[in-house]
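One structure is given here, and the rest of the page talks about it.
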Amino acid sequence: MCARRRPPPPPPAGGDHNQPSNIVALPSVIARGGQMTVTVDGCPQGGTMTSDAFRTTHLTPVRGANETSRGTATIREDARPGSYDITVNCSGRRLTRPAAFTVIGGVRGGIGGSSSDGATPTDIAIGGGLVAAAVAGGGLFCLRRRSERRI
């Protein structure tokens, strides 16, 4: 008798466990120098992610989340504004998400985003002019009130 060939086993219910899918970058709009978190489903052992806007970064498996890995990337200071792709490599399998995030111009950090220390000569001149106008206006008001009482 001929032996019957068995059909291959069906794929697992959730699909291929080592096939990266659903690449999510948050925030999706980010300034140069900012940090972005990337989450990838179907990447249970971790892997790497790359983009033209940041260096190759490791993806680490997330405990308690089935087949999910996450990584944090810092956007390069010299990245040009625009949309960027992300390519992930998990267990030798690659997936690219086109236009995964957008880089905008950089921002200055610090108190109020100031780019100078202290008052500039222009600030002092404007402030001095306002004080002089207030003193002159107050003096005229007092003189006028004084002359109204005599009538």
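The values are calculated or read from the model by the stated rules, or taken from the named source; none is laboratory data. The shown structure was predicted, so the numbers you read here are calculated from the model rather than taken from an experiment. Using ideal geometry, Cβ is built from the backbone for each residue, glycine included, and neighbour counts are taken over all protein chains shown. In case anyone asks, the SASA skips ligands and DNA or RNA and just uses the protein heavy atoms, side chains included. Shrake-Rupley method; radii C 1.70, N 1.55, O 1.52, S 1.80 Å.
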Send over the Kirkwood Rh of the stretch 37-84, from the inverse of the averaged 1/r over different Cα pairs, rounded to one decimal Å.
-> 11.4
According to a simple spin-label model (label point 7 Å from Cα along Cα-to-Cβ), what is the distance in nm between ARG144 and SER91?
-> 8.4
Given a 1.4 Å probe, the accessible area of the stretch 31-107 per residue, as a whole number of Å², is 56
For THR122 and HIS58, compute 0.36 nm times the residue count separating them, minus their Cα-Cα distance, and round to one decimal in nm.
-> 18.1 nm
Once the Cα gyration tensor of the stretch 20-112 is found, what semi-axes does its equivalent ellipsoid get, as square roots of 5 times the eigenvalues, in whole Å, sorted largest first?
-> 25, 14, 10
